[in-house]
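Have a look at the structure below, then the notes.
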Amino acid sequence: MANQKVDLMTGNEMAALAVAQINYHVMGYYPITPSTEVAEFLDEMGAEGEHTVRMIPADGEHGAAGICYGAAAGGGRVTNATSANGLLYSIEQLPVQSGTRLPMVLNLVTRSVSGPLDIRGDHSDLYFTLNTGWVILLARDPQAVYDLNVMALRIGEHPDVRLPVIVAYDGFFTSHQKRRVRYFEAAQAVRDFLGPVPAGPHALDPRHPVTIGPYMNDPDLINNKYQLKLAMDAAYRVIPEVFAAYARLSGRYYPLVDLYRMEDAEAAIVLLNSAAETAKDVADRLRAQGVRVGIVSPNVLRPFPADEIRRALRGVKAVLIGERADSYGGHGGNLSHEVKAALKDDPENRTLCLTRIYGLGGKDFLASDAEAFFAEALQAAATGTVVAAYDYHGVTPGDPGRAPPPVMAPLSREETSGLVKAEQDPVTGEIKVKVPPPRELMARPKRLAPGHGACPGCGIFGALDQFFKGLEGDVVVLYQTGCAMVVTTGYPYTAHRVTYLHNLFQNGAATLSGLVEMFHERQRRGELPADEDITFVMVTGDGGMDIGMGPAIGTALRNHRLIIVEYDNEGYMNTGSQLSYSTPLGHATSTSHVGPAASGKTFHHKDTAQIMAATNIPYVFTGVEAFTNDLVRKAAKAQWYAKHEGLVYGKLLITCPLNWRSEERLGTRVVEAAVNSCFFPLYEVAGGKTKITHNPEERGKRVPASEWLKLMGKTRHLLKPEYAEELKAFEAEVERRWARLKARHEHPLL
């Protein structure tokens, strides 16, 4: 056996360690809780020079899957990590990768699939992968996460298999809990176990060109899928061989199915991953009382170990199959049906089967729950009957008489009307806005109530409040997933005093455009009052204009009458401050570390305002809380354009003291410095014509970019001599964009 270290580590740490020791060629990734830490740990290790994995931050999980597929087509080793809706967003890529037989390893940190949104662990995402053609290994604890990550690559690269492999482990239960673990002291032990990358056809050999993923018709496709079936059959043979070889190296052996106290069990429960470990203590207590119970827990889900399941349950009178996911309308989850199907193929089996759906949304599986499962299985074994073959466990009944009352009364139209007036000049066509004095603006009721759960000093709600003060009348809002959504809608309460709708990062603009068109169509048909007047606003941020850029541009091209407001906090703050495409060059995040081998983000930030202006929508603007009248005036203009001409996009720079590492009390000063350094210029594009609304040079307020950077801990390293080149590149890009904006401002057509 190779030398090993003993440590205390989480599942995500062990996944990252395995990736670093393997030293994959490429990792395409996108942040999503609770898998995000894998990329964070790897980026930090990379900054210290501990691996050379080329980490590529994608625009979304679908893009990450495409990066991985393309990299795998290049013949190297590829990995990724994702969870929940991120997996679903990428899922169309999974059959593409298995169908073209390109190995890689994906860590699936299991999490509940929304909606409603829930970030905790169940297996509803895992079940969506069952028909994708990927080998699926199950890791019940951090030790198994490490071991199976190493073995997964050898399984997937085997010449008889050549399939991508998923290593699935429970979100938070395994991903974030520290356990005693062992890992190889030298990465070379892992690399020797895996050997070199197997030779095979790839897309990087011009002398031997190949066509990958051709158009394939009947009868060829069925032959392709038959080969995929044969590869799974081969995996069923290869996996035990790899497990045995790894046991010789590590001293840890993994059977296809983990059997605990099953030698003479009369009743058993089947559980996946971490819950099985909880149930083992209960099984021990029952065994001490003379009760013959046991636990069956697969380590491999694809290919499904049917033979091992049949053998394990042949002498069992009753088995309860616990599932952290349901197949709605199927009278049991996928695991239940596969266990039942396996038993049906055994003519000697008479085992009674019960299904209980448990732990959805990360609800804890406690010893008391295992006791209840064993009790139900024992009762069925004793009576020979099943009272309820399929049911839920741990559901709390509701009480219609105890519906939570609204915390605050909804806003009336009168409360939000008659203060800010936007009118079109009949001669010039310019939209003129009269902004009332600050005292009157402050008196306008807030559309977002206080009492939300945002971090101290968060700039989102100050900026949004100023923006909403410029809007007259009734408003309906849609929030994409992000900090602003999460901290204002913790069930059963809401901080929104207007109608609120949520959809995921990538599809907010399309969703709101559908609602807008439904509103106008129902008015046309006479189903809603013709004089009903609603302004529709989508609030996005935390990277929503990365993963959601496509639908936003589609909404722009269709020119729906709504407003998109992006709060730009320069990162994916709601998942832990990972870099986004709005993160500027050189800025430090949890996936753009600063260290001996790294100097923060390696590429310039995306100018979403200019991108949206290029779609030729009626109105685009930028704003910050520090310039109140400017922002309120632009909000009023935005409402006028949304009502009369079509789509509006606005970008608000807001502070995030927690992740910018700036003082909470200095939020206004920080964004003001961003404006006066010309990093975040204030301007508008109305009808295709650019107008700078605050020119710090003309006002004598221009400051160097370093004056802004020194206010934030995430950028102070750029002021050190060793990062002079990065600072120079950052300042040059600020100057280039400012010069181009001034040229547009001065040009009669731009």
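The numbers here are math on the coordinates, done by the rules we state, and not lab data. Here the structure is a predicted model, which means the values were calculated and not measured. Cβ placement follows ideal geometry from the backbone for every residue including glycine, while neighbour counts extend to all protein chains displayed.
Using 1/(1 + (r/R0)^6) with R0 = 51 angstrom and r between the beta carbons of Arg665 and Thr211, what's the FRET efficiency to the nearest 0.05?
Working: r = 61 Å, r/R0 = 1.20.
Using R0 = 51 Å, I get an efficiency of 0.25.
To check my understanding: the extent here is largest minus smallest coordinate of the Cα atoms along each principal axis. What are those three numbers for region 132-223, in Å, largest first?
Between the extreme Cα coordinates on each principal axis of region 132-223 lie 51, 31, 20 Å.
Please quote Rg/Rh for the chain to two decimal places, taking the Kirkwood radius as Rh and restricting both calculations to Cα atoms. Mind dumping the intermediate values first?
Working: Rg = 28.8 Å, Rh = 28.5 Å.
My calculation of the ratio gives 1.01.
Over every pair of different alpha-carbon atoms in region 418-704, take the mean of 1/r and invert it; report that Kirkwood radius in Å.
Values: mean 1/r = 0.0516 Å⁻¹.
Result for region 418-704 stands at 19.4 Å.
Take the Cβ-Cβ distance between Thr428 and Thr615 as r, set R0 to 30 Å, and report the resulting FRET efficiency rounded to the nearest 0.05. Spell out each step's value before the answer.
Numbers: r = 24 Å, r/R0 = 0.81.
Efficiency for this residue pair is about 0.80.
Quick one: dipole size for the chain, taken about the Cα centre, charges +1 on Lys/Arg Cβ and -1 on Asp/Glu Cβ, in debye to the nearest 20. Kindly include the intermediate steps, with their values, before the conclusion.
Values: 77 positive and 85 negative charges, 145 e Å.
Here the size comes out at about 700 debye.
Express the relative contact order of region 418-704 as a whole percentage, based on alpha carbon pairs under 8 Å and six or more residues apart in sequence.
The value is 18 percent.
Which of rounded, prolate or oblate describes region 257-392 when judged by the alpha-carbon gyration tensor and an a/c cut-off of 1.5?
Rounded, because the longest to shortest axis ratio a/c is under 1.5.
Contour minus end-to-end for His644 and His520, with contour as 0.36 nm per residue of separation and end-to-end as the Cα-Cα distance?
Values: separation 124, 0.36 × 124 = 44.64 nm, distance 1.32 nm.
Net length gain for the segment: 43.3 nm.
Just want to confirm a number: the relative contact order over the chain, from Cα pairs under 8 angstrom separated by 6+ residues, in percent.
On the way: 1535 pairs, mean separation 72.3, N = 750.
Relative contact order of the chain: 10 percent.
Expressed in nm to one decimal, what extension gain is obtained for the pair Arg314 and Glu698 from 0.36 nm per residue of sequence separation less their Cα-Cα distance?
Working: separation 384, 0.36 × 384 = 138.24 nm, distance 8.51 nm.
That pair, Arg314 and Glu698, stretches by 129.7 nm at full extension.
Going by amide H atoms built from the backbone, whose H comes under 5 Å of the H on Ile321, apart from near neighbours?
Hits under the 5 Å cutoff: Val270, Leu354, Thr355, Arg356.
Considering the Cα trace of region 61-136, what is its radius of gyration and what is Dmax, both in angstroms?
12.2, 40
Kirkwood Rh over alpha-carbon pairs of region 251-302, then Stokes-Einstein at 10 °C and 1.306 mPa s: what D in µm² s⁻¹, rounded to an integer? Numbers along the way, then the final one.
Details: Rh = 11.4 Å.
Approximately 140 µm²/s, per Stokes-Einstein.
Kirkwood Rh and Cα-based Rg: tell me the resulting Rg over Rh for region 604-686, rounded to two decimals. The partial results should precede the final answer.
On the way: Rg = 13.8 Å, Rh = 13.6 Å.
So for region 604-686, dividing Rg by the Kirkwood Rh gives 1.01.
Could you work out the helix-only [θ] at 222 nm for the chain, with each DSSP H run of four or more residues adding -39,500 (n - 2.57) and the total divided by the number of residues, to the nearest 500 deg cm²/dmol?
Calculated mean residue ellipticity at 222 nm is -11500 deg cm²/dmol.
Sort 648-660, 680-692, 729-741 for me by packing, meaning the mean count of neighbouring Cβ atoms within 10 Å per residue, highest on top. Display every interim value, and only then the final one.
Details: 648-660: 24.9, 680-692: 18.9, 729-741: 16.2.
The densest-packed peptide leads the list: 648-660, 680-692, 729-741.
Using alpha-carbon pairs under 8 Å, 6+ residues apart, how would you state the relative contact order of region 518-616 in percent? Provide the component values of the computation, followed by the final result.
Working: 128 pairs, mean separation 20.6, N = 99.
After rounding, I find 21 percent.
Hey, what angle do you get for helix 508-524 against the long axis of the chain, alpha-carbon based, 0 to 90 degrees rounded to 10?
70
So for region 257-392, if I pair up every lysine 8 or more residues apart or on another chain, how many of those pairs have alpha-carbons under 20 Å apart?
Numbers: Lys280/Lys317; Lys280/Lys363; Lys317/Lys340; Lys317/Lys344.
Final tally of qualifying lysine pairs is 4.
Using a Förster radius of 22 Å, what is the FRET efficiency between Asp307 and Asp220 based on their Cβ-Cβ separation? Nearest 0.05, please.
Working: r = 31 Å, r/R0 = 1.43.
Given R0 = 22 Å and the Cβ-Cβ separation, E is 0.10.
Would you kindly state how much longer the chain becomes between Arg54 and Met408 on full extension, computed as 0.36 nm times their sequence separation minus their alpha carbon distance, in nm to one decimal? Numbers along the way, then the final one.
Numbers: separation 354, 0.36 × 354 = 127.44 nm, distance 5.06 nm.
Full extension of this stretch gives 122.4 nm more.
Rounded, prolate or oblate, given the Cα gyration tensor of region 638-722, with a/c below 1.5 counting as rounded? Walk me through the numbers before you get to the answer.
Details: a/c = 2.84, a/b = 1.82, b/c = 1.56.
Prolate, since a/c reaches 1.5 and a/b exceeds b/c.
With the alpha-carbon atoms as the only input, what is the per residue convex hull volume for region 422-523 in Å³? Don't jump to the answer; show the numbers that get you there.
Working: hull volume 16.1 nm³, N = 102.
Cα convex hull per residue, to the nearest whole number: 158 Å³.
Counting other C-beta atoms within 10 Å, which of Lys710, Lys728 has the fewest, and how do the rest follow? Provide the component values of the computation, followed by the final result.
Numbers: Lys710 14, Lys728 11.
By the 10 Å Cβ count, ascending, the order reads Lys728, Lys710.
Consider a paramagnetic label point 7 Å from the Cα of Glu263 along Cα→Cβ; state which residues of region 309-326 have an amide N under 11 Å from it.
Correct set: none at all.
Could you tell me the ratio Rg/Rh of region 209-326? Both radii from Cα atoms, Rh via Kirkwood. Don't jump to the answer; show the numbers that get you there.
Details: Rg = 19.1 Å, Rh = 16.9 Å.
Radius of gyration relative to Kirkwood radius: 1.13.
Once label points are set 7 Å from the Cα along Cα→Cβ at both Arg252 and Asp7, what is their separation, rounded to one decimal in nm?
Distance between label points: 1.2 nm.
According to a simple spin-label model (label point 7 Å from Cα along Cα-to-Cβ), what is the distance in nm between Leu557 and Ala449?
4.2
Averaging over every viewing direction, what projected area does the convex hull of the Cα atoms of region 702-743 cover, in nm²? Spell out each step's value before the answer.
Working: hull surface 12.3 nm².
So the Cα hull casts an average projection of 3.1 nm².
Give the share of C-alpha pairs in each 10 angstrom bin for region 332-395, from 0 to the last occupied bin, in whole percents, shortest bins first.
Computed distribution, short to long bins: 19, 48, 29, 4.
Starting with the highest mean, order 353-359, 234-240 by the number of other Cβ atoms within 10 Å, averaged over the residues of each peptide.
Details: 353-359: 24.0, 234-240: 18.6.
My ranking of the peptides, most packed first, is 353-359, 234-240.
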